[in-house]
1. For segment 208-233, name all the residues that are surrounded by 19 or more Cβ atoms within 10 Å (Cβ to Cβ) and either modelled with pLDDT under 90 or not aromatic (Phe, Trp, Tyr) (or both).
2. Could you say whether any residue in segment 72-80 is among the charged types (D, E, K, R), open to solvent by 90 Å² or more (accessible area, probe 1.4 Å) and either in a helix (DSSP H, G or I) or at pLDDT 65 or above (or both)?
3. Which of the residues spanning segment 82-116 are of a type in the set (Gly, Ala, Ser), open to solvent by less than 50 Å² (accessible area, probe 1.4 Å) and modelled with pLDDT under 60?
4. Tell me which of these Leu215 doesn't satisfy, since it passes every other one: (1) under 16 Å from Ser126 (Cβ atoms); (2) in a loop (DSSP other than H, G, I, E, B); (3) hydrophobic (A, V, I, L, M, F, W, C).
5. Specify which of the listed residues (Arg195, Arg190) is assigned to a loop (DSSP other than H, G, I, E, B) and basic (Lys, Arg).
Amino acid sequence: MRLRELLLVLALLLAPALQAEPLTRAEMQKAVDAVRAHPDLAGTTTEHELRWRDRAKPKEQKREEPSAFEWLRNLMRWMNETARLLVWAGGAVLVALLLVGLRRWYRVRGGRGPAQRAHLPSHVQSLDIRPESLPEDIGAAAAQLWQRGEQRAALSLLYRGALSRLVHGYAVPIRAASTEGECVALARGRLEAPRSAFFARLVQAWQLAVYGARLPSAEQALALCRDFDQQLPAAAARAA
């Protein structure tokens, strides 16, 4: 294309010098048509050139953007891994809670072996609960103290006797540092309902007298003395 255009320009420039008179427009167009009609100047030419390929230069790869399906698959994979971790973590928490619950259950309801019996407390808080430190008939002895006007001593004897029989006779896991409320809760897990209710009533009377300076009525106190050996018999302690 460039060679053809160059020849046309040359023909137009040289035409006035070769003729005496300048060319008319029709003559100029005729000359241009004649040049275009020449077989050597018509059409286009395609040339091919062979070159050595540079193998050291890596072929650039077109970076493909992740498709929506690929993004969704990655999201599902991440969610699957996260859910697996959450399941393992939740399982570990449940196992830990189960172990803690079993430990508490065993402390409240579990039995005692010979090694455990050797470590039974001799005192709860400051109260001596050794069987040998108590009278044989606790209820009758407490009633005599009450009738002599030693009300707090009577209630103390009843509470000490109840703790001693719970520990040695009913295997209630009371410890030296157990509070009154803890003793009631531990007894509730071991005793039958009537005996558990009797012990709770006895503890309430003891607490009101010691911490609230409020003594129960004579009828209530003597009822506790009368029902003591019936609700917490010494036979259970001797059988243990």
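The values are calculated or read from the model by the stated rules, or taken from the named source; none is laboratory data. Every value quoted in this text rests on a predicted model; they were computed, and no experiment measured them. Note that each Cβ is placed from the backbone with ideal geometry, even for glycine, and that neighbours are counted across all protein chains shown. Accessible surface is based on the protein model in full, side chains and every heavy atom, while ligands, DNA and RNA are left aside. Shrake-Rupley method; radii C 1.70, N 1.55, O 1.52, S 1.80 Å.
1. Within segment 208-233, the subset surrounded by 19 or more Cβ atoms within 10 Å (Cβ to Cβ) is 209, 216, 221, 224-225, 228, 231-232.
Within segment 208-233, Ala209, Pro216, Ala221, Leu224, Cys225, Gln231, Leu232 qualify.
2. Residues of segment 72-80 that are among the charged types (D, E, K, R), as a first pass: 73, 77.
Add one more test, that the residue is open to solvent by 90 Å² or more (accessible area, probe 1.4 Å), and what stays is 73, 77.
Those left that are additionally either in a helix (DSSP H, G or I) or at pLDDT 65 or above (or both): 73, 77.
So far as segment 72-80 goes, yes, one or more of its residues are among the charged types (D, E, K, R), open to solvent by 90 Å² or more (accessible area, probe 1.4 Å) and either in a helix (DSSP H, G or I) or at pLDDT 65 or above (or both).
3. Gly110, Gly111, Gly113, listed by residue number.
4. So the condition that Leu215 fails would be (1).
5. Details: Arg195 fails: assigned to a loop (DSSP other than H, G, I, E, B).
So the residue among Arg195, Arg190 that is assigned to a loop (DSSP other than H, G, I, E, B) and basic (Lys, Arg) is Arg190.
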